[in-house]
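Following: one structure in structure tokens, then a few remarks.
The values are calculated or read from the model by the stated rules, or taken from the named source; none is laboratory data. This is a predicted model, so every value here is computed, not measured. Ligands, DNA and RNA are excluded from the accessible area calculation, which covers all protein heavy atoms including side chains. Shrake-Rupley method; radii C 1.70, N 1.55, O 1.52, S 1.80 Å.
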Amino acid sequence: MEYLQRIVLAALVMAIGSIATAHAAEIGDVTVKAPTPPTDQELAGNGLDEFIVHHATTHFVDTTTTGNLARWRGGKQSICPVTEGLNPGYDAFVTARLRAIAAYVGAPVESDLQCKSNVQIVFTSHPQEKMDSITKWATGPAFQNRYAGGGKDLIAFKSDHAIQGWYMTTGGGSAVLNTDVGMVGFSIQPVWPQIAQKYIGSTATGTRVGGGSGTGSGIGIVILVVDTTKVVGYTIGTIADYLAMLTLSVAQSPDHCDPLPSILDIMSSSCGTREMPTGITAGDLAFLKALYYKNTGIGPSLSRAAIEANMMDQFKLR
């Protein structure tokens with residue numbers, strides 16, 4: 001099965017290679033600058049805890065928090081992004097901005113710019129055409145029909161979101177660092193899951209990554225598709241930061257509006273008239289720094305409680 005996964009994965013990369021022309025705003029600066037720190041009001045109550053829940057990978061399931069926050073782990077699971085669908089200058093900007101944010105928060109990034117891409121960002125006015133291959137791939141023999149039947153609804157294309165995405169998450173501890181992702185067993189996690197699933201040992205429903213094994217969970221591949229007909233009015237810098245946030249942490253159903261602002265707010269339907277961020281926020285960067293605080297290759301991430309403490313320490317230093 002692993003060999004077949006590798007073959008089909010290569011075919012998938014080729015399948016989404018065709019691109020459409022898109023309009024973008026003026027290119028911004030890829031340099032990451034520290035945003036204004038959050039106010040006391042934004043940190044009051046349990047707002048920070050809710051922020052972490054909505055940014056991490058256990059949003060749907062209330063489990064122990066050891067080892068279940070997926071992140072890039074380094075080695076052959078280091079970030080290598082490519083952007084397609086805009087003109088070359090805008091494509092290059094989105095890729096460079098993602099690399100810059102990843103490096104700023106301590107995530108592992110491939111230094112070779114000619115590396116084999118594992119983060120694919122596609123801008124297109126016909127998103128479903130681009131992503132039909134994902135559903136076909138995941139419901140076929142490569143996954144032994146794991147996503148057939150009701151599971152197909154979980155990963156199916158959902159047209160009511162401007163940005164669609166899928167994560168291929170891996171387990172296996174540090175052994176995966178020297179193994180090509182195509183040879184490692186992985187699961188598909190959608191940004192916008194369509195159905196709820198129940199898991200053994202939990203009465204809650206939904207999707208999740210990991211389960212507290214202590215070995216950590218990895219992000220092996222990210223595919224994000226931007227419907228250019230739905231992002232008119234946003235600057236390329238704002239969209240690039242949103243894509244970076246989705247790439248660096250498995251944030252499923254990121255439609256929330258916590259007291260602590262996030263770049264994810266820009267696509268939320270629950271923020272009302274609150275002013276939207278124009279770029280990645282202090283909360284976003286602090287969360288990502290905490291997520292990547294410990295050595296990503298040899299163990300699990302910090303627990304959610306420890307991430308909260310780490311973020312507070314960062315805010316106090318500002």
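Taking the alpha-carbon distance from residue 33 and a cut-off under 14 Å, which aspartates and glutamates remain once sequence neighbours fewer than 8 residues away in the same chain are dropped? Result set, ordered by chain and number: 241, 284. For the stretch 238-318, the per residue solvent-accessible surface stands at 36 Å², with DNA, RNA and ligands left out and a 1.4 Å probe. Cα-Cα over 25 Å: which of 76/316; 130/294; 130/289; 76/294; 76/230? From 76/316; 130/294; 130/289; 76/294; 76/230, over 25 Å: 76/316; 130/294; 130/289; 76/230.
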